[in-house]
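The values are calculated or read from the model by the stated rules, or taken from the named source; none is laboratory data. These numbers were taken from a predicted model, which means no experiment stands behind them. For neighbour counting, all protein chains shown are included, and Cβ atoms are generated from backbone atoms with ideal geometry for every residue, glycine included. Accessible surface is based on the protein model in full, side chains and every heavy atom, while ligands, DNA and RNA are left aside. Shrake-Rupley method; radii C 1.70, N 1.55, O 1.52, S 1.80 Å.
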Amino acid sequence: MSMDFFWEQFGIECAEHLQVIDQCLADALTHACNPEDIAKLFRSMHSIKGLSKAMGLLSMELVAHRCEDLLGLVRDNGVDLSRDLIELLTVANDTLARLHETIVEQRLDQPPNDALIAKLDAAFQHFSGGVSSSADLPVSDTQNQTEVEDADPLFAALRVFAPQTSELIHEICDAWFGKGVAAPRKVAKPLSALIERVEAAGFDGLLDILTAVSQSLAKKPADMDAEWIGAMADLGQQLRDLEAGFELNFGAEFFRAIVPNHFDAVSQAVAGPLAELSLSLPESGYSEEALADAMASLGQSLRQIDLVLAFADPRNRSQNLQLKLQSIYAAEDIASAFASLLVQIDHIRDAIFDQLVSGDQSQDCFNFLVALQGAVTPDASAPKEKSASQLLPLLQSIGLNDDFAACTPLEFLPDLAALAEGASQGVLVTIDLNGNPQAARLFVQWSKTHEVKSISRSVIVQDMTLFEFLIISQSSANILIEDLKRDLGDALMDVQKVGAVAKSDSPAPQAAALEAQSTPSASQPAPAPNATPTSTQSQIRVSAAVLDSFMAQVGCLVSVRSRLGVALQDEGVSRLMESVSDLGRRLSAQGHPEDALLLDRLRAAVQDERMRLATVQVEFQRHLSSLQQTALDLRVLPLSNLFARLPRIVRELGTAQGKELRFVMSGGETVVDKSIIETLVDPLIHIVRNAVDHGIETPQERQAAGKSGEASLTLAAVQEGGEAKLSIIDDGRGINVERVAQKALERGLTTPEKLKSMTPEQIIYFIFEAGFSTAAAITETSGRGVGMDIVRTAVLGIGGKIAVSSELGKGSRFDITIPVSAAIQNTLVVRLGDHLMGIPSRYVDEVHQIARSELRTLHDQTAYLLRGHVLPLYSLEHLLMGSTRGDDERVLFVVVSAGGRRIGLIVDGVVRREEMFLTKPHPLVRRSPYLFSATVSGEGKIILIVDVDGVMTRLAQGA
Amino acid sequence: MAVKVMVVDDSVMMRMLVMEIVSSDPTLEVVGTAENGKDCIEQVRDLKPDVILLDIEMPVMDGIETLKRLKLVSKAKVIILSSVAQAGSAQAAEARALGAVDVIAKPSGAVSLDLESKRGHIITAAVKRFAKG
């Protein structure tokens, strides 16, 4: 189809419409218009707009669009087609006609008639009383509609058809869910009756859907559910559309009624087992068996809920409750995941029941499904923890380091078992992949040509990061070793056989031995290692000070970029450009089109410049981000550096004190910033020593208490996003909370009244207070000036958290959460009056805004009832500055938790969350017990970072 | 099997334009056109299209009225093609409530009417997406 055709067609059609408009407007001058005439007028103008738009003819489109809007006001908003309006529209139509003639002749767009456009705009403003856009105007003309309805035989037929259909649908729905269980076979009779009627009436649209329902009935039971539900839900949707279209009752309400009538019964069927399971599962230890049983029994009930819900919201029936169940299975804390699922179902049942009678319940059901989805999230670290307990014995029997446990995927269990039994061969290879770029390629090639399975981990030897691969293969180990040596050459640092060997006799893998000897600090000079790095490596020693300075510079760059970003978003320039625009229009109206054009060019030029700047900024950001990342990576080391000394310390302590210990470490390959490792070395040693000294009992004591003679001490590291969690767990005698409370009183750290209101979990945190020690004397092996308070300060200093929990007689557990990177932390920026404060995100649970009337006062303490728990509220401003303003109607607070306590901090506003580059705490800032450090925001404002632990401590002391 | 498409619009030029766009895709076939809703309903039982591209502003029976009736007489998926009902407008919402599967803007703006242009693609893409069911 050539352009000629379209130009011709445009010419012809437009001319017709222009003629119609001309005639209508002329008629309107002499006699009043009826709605039909107005509609015709509107449609023709609409068509002209559409045609000129399609041809890209702006000059005509701009005029036609505004005329259409004006006519829309007449047609839909009751505006009178007055003489003035008619005259204006006539002028416009004439202009359109002239434009049309020229355009068709030249086949070229013309310059727009700004004066006319301005007049039409003004008229629209005037007549609409400020209605903003034609898109918002309602459309259907109900008066017209009822006339059409009466005249149309279709409607007459439908008035008979609809109630009959409704009855049959009622039967179908009842039969379907008669006893609370799907009984599709009873549906057949009313269904075929309906199909007959529909066929007779020639309603092919309905017929197709009903046929689909009928066909899905014929399927075997297993397939029936999904298809059947799908077909029925489609039917429900179709009926709803028809009801919306014809305002007659087709029976869609009976579909809706299924939900309230049966949802209750069905969800009860689920709630019961769920409650039982949340009790019984923990007892069974969440064994795989128990979980499988749970899934099976729940699955059936949840499928019922799915069926019911599909009716409320057919479009979302893909949200399958069974999938939610799967994700519970993978959740770390299964009990609470089940519990929360239970709560969710209860909550939604209530919500749905309230809404169902009246409004649109599909939204609620959809929300239900979304909420369920949010109720549980699979935790990637959970499988690792499970496998560790099974892997360790296997690894030990093969002669491998326990560290391998954390990096071995579950599916390797059978292979490791085979290796342990001698059914396959294993080779442990150490390769320098970082220093030798070829090595990676060679190794990949090698592993492709030899069908092997491998597990790998990284190890630190002196300053190098090497990779250790456990290769399992059916081929002879000797041949493997030969091939490796040949193919990898210099990249191969070490290789040896592993497998079903007696662990005490075989030499420990060399890399692990080297690891144990290496020191955590990279800046100390090291003795010549046994495994000599090859000469092709190029490495540089860098002093830590230089690295720090480099990091500081990167930090400044981050601030600078932020400021650039802020500047580019500045509203000021946009407003300026708008003024320029206005000026241009005015000049043009005053008859200076060339000047107007110049201004336009100016505006375009400025826009271009800003676009370019914005693009540059985006690029800058990209490079800066990767620079940041590289800078951070320069400093990261695996935690195994931290762990290195511990096994020997534990062994020596145990021997000296006559205690039997099993010390298990995992997660050594988790990487964190070097400074963090350095800071944590002593504290970690202290905690471990403490555990052995005070926590672990002698074998006799243990047996007397009914425990195994051998105590277990576990050190586990897990990476969770931007944080790493270090857990030290022992099964010793636990921490005596009574004694802690007593000591706290003795040392004047608290008062009896305060103690009364604290739970044991909160009291235990007194061990971190300065000047606190339950040891009768400072022994040789512990308390060498490194108390728990110093441990906590150290952890806080690197931006971490420390938590402790314990059960008397059962054991204790320390959890240290540390950021992976010391330098950059996620912070919630809040506003206090004119000041900006930062609260590290790891403390922030949630933010709430309530009415002042919702505050309570309990024991002179302002509080709020948050989900059934009392949350004490403190004004942050009052804490920091001693002043309070604020009789504001709305109270905004941030819920923070630390040290087992939870409080709300009242602030004036929440600004944003920001990744902040944090500097070391300044001594001046640290003078305040509530402040941790200070930093600079993107706009160059100073933000003080709140020390949440400090706040908690002071509050506990009754400050 | 090609997807059967019907084009309903009161402008000859528009019908031609949309037909050109749709036919440019080998998996789509225009089986018929109509110049208003009544015309469309009368033909639909014989043509049995899979997808109907429907304009709103038409004489005799407009798009909204047509849509209501189409739900009864045809299983075709209806896509509203309009220069009035932009995505967020009340009219678009009404059309969706009545069962239209999508509302898209009519092709516009290219004086050179390049049929390979993106605007044409929007229409063919929508047709293909909904034809699958």
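Listed values, structure above:
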read-out: Test: residue in segment A:659-680 that is closer than 22 Å to A:ILE764 by Cβ and not polar (S, T, N, Q); value: yes
read-out: Residue count, segment A:542-566 (criterion: under 19 Å from A:GLN607 (Cβ atoms) and at pLDDT 75 or above); value: 1
read-out: Which listed residue is of a type outside the set (S, T, N, Q) and either free of Cβ contacts under 8 Å to residues at least 24 places away in the same chain or in contact with a helix residue (DSSP H, G or I) (Cβ under 6 Å, 6 or more places away or on another chain) (or both), from A:GLY838, A:GLY868; value: A:GLY868
read-out: Pick from segment A:15-26, criterion within 13 Å of chain B (Cβ to nearest Cβ) and closer than 19 Å to A:LEU70 by Cα, ranking: surrounded by the most Cβ atoms within 10 Å (Cβ to Cβ); value: A:HIS17
read-out: Test: residue in segment A:32-40 that is buried (at least 21 other Cβ atoms within 10 Å of the Cβ) and either in a helix (DSSP H, G or I) or within 8 Å of another protein chain (Cβ to nearest Cβ) (or both); value: no
read-out: Residues of segment B:1-29 classified as more than 13 Å from every other protein chain (Cβ to nearest Cβ) and either of a type outside the set (Val, Ile, Thr) or buried (at least 17 other Cβ atoms within 10 Å of the Cβ) (or both), total; value: 12
read-out: Verdict on A:LEU29 being outside any loop (DSSP other than H, G, I, E, B), hydrophobic (A, V, I, L, M, F, W, C), away from chain B (no Cβ under 11 Å) and open to solvent by 50 Å² or more (accessible area, probe 1.4 Å); value: yes
read-out: Counted residues, segment B:61-106 - those being more than 13 Å from the chain's Cα centre (by Cα), at pLDDT below 85, among the polar types (S, T, N, Q) and crowded, with 20+ Cβ neighbours inside 10 Å; value: 2
read-out: Filtered residue count, segment B:21-67, keeping only those that are free of Cβ contacts under 8 Å to residues at least 60 places away in the same chain and part of a loop (DSSP other than H, G, I, E, B); value: 13
read-out: Test for B:ILE56: is it more than 9 Å from every other protein chain (Cβ to nearest Cβ), of a type in the set (Val, Ile, Thr) and closer than 21 Å to A:GLY245 by Cα; value: no
read-out: Yes/no for A:VAL681 being modelled with pLDDT of 80 or more and within 30 Å of A:VAL542 (Cα to Cα); value: yes
read-out: Counted residues, segment A:715-766 - those being touching a strand residue (DSSP E or B) at 6+ places or on another chain (Cβ under 7 Å) and assigned to a loop (DSSP other than H, G, I, E, B); value: 5
read-out: Condition check for A:ARG842: surrounded by fewer than 20 Cβ atoms within 10 Å (Cβ to Cβ) and either in the same structural domain as A:THR884 (by TED's automatic domain parsing) or over 29 Å from A:GLN628 (Cβ atoms) (or both); value: no
read-out: Residue within segment B:30-46 that is touching a helix residue (DSSP H, G or I) at 6+ places or on another chain (Cβ under 8 Å), surrounded by fewer than 17 Cβ atoms within 10 Å (Cβ to Cβ), over 26 Å from A:ILE12 (Cα atoms) and within 10 Å of another protein chain (Cβ to nearest Cβ) present; value: yes
read-out: Qualifying residues in segment A:41-68 (those that are at the interface with chain B (Cβ under 7 Å from one of its Cβ atoms) and assigned to a helix (DSSP H, G or I)) - the one farthest from A:LEU108 (Cα to Cα); value: A:ARG43
read-out: One residue from A:PHE6, A:PHE10 being within 14 Å of chain B (Cβ to nearest Cβ), open to solvent by less than 60 Å² (accessible area, probe 1.4 Å), in a helix (DSSP H, G or I) and in contact (Cβ under 8 Å) with a residue 60 or more places away in the chain; value: A:PHE10
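Residues are listed down the side, and each one gets a yes or a no for (1) in contact with a Cys (Cβ under 9 Å, 6 or more places away or on another chain); (2) under 16 Å from A:LEU832 (Cα atoms); (3) not in a loop (DSSP other than H, G, I, E, B):
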position	(1), (2), (3)
A:GLN849	no, yes, yes
A:SER853	no, no, yes
A:THR857	no, no, yes
A:LEU873	no, yes, yes
A:ASP887	no, yes, no
A:VAL891	no, yes, yes
A:VAL910	no, yes, yes
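So that you can scan it fast, the table gives a plain yes or no per residue for (1) on the phi > 0 side of the Ramachandran plot; (2) at pLDDT 80 or above; (3) within 12 Å of chain B (Cβ to nearest Cβ):
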site: A:GLN164; (1), (2), (3): no, yes, no
site: A:CYS173; (1), (2), (3): no, no, no
site: A:GLY178; (1), (2), (3): no, no, no
site: A:LEU191; (1), (2), (3): no, yes, no
site: A:ASP204; (1), (2), (3): no, yes, yes
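Okay, residues lined up against (1) within 29 Å of the chain's Cα centre (by Cα); (2) open to solvent by less than 10 Å² (accessible area, probe 1.4 Å); (3) within 24 Å of A:PHE768 (Cβ to Cβ); (4) assigned by TED's automatic domain parsing to the domain that holds A:LEU564:
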position	(1), (2), (3), (4)
A:PHE620	yes, no, no, yes
A:GLN628	yes, no, no, yes
A:ARG645	no, no, yes, no
A:THR655	no, no, no, no
A:GLU678	no, no, yes, no
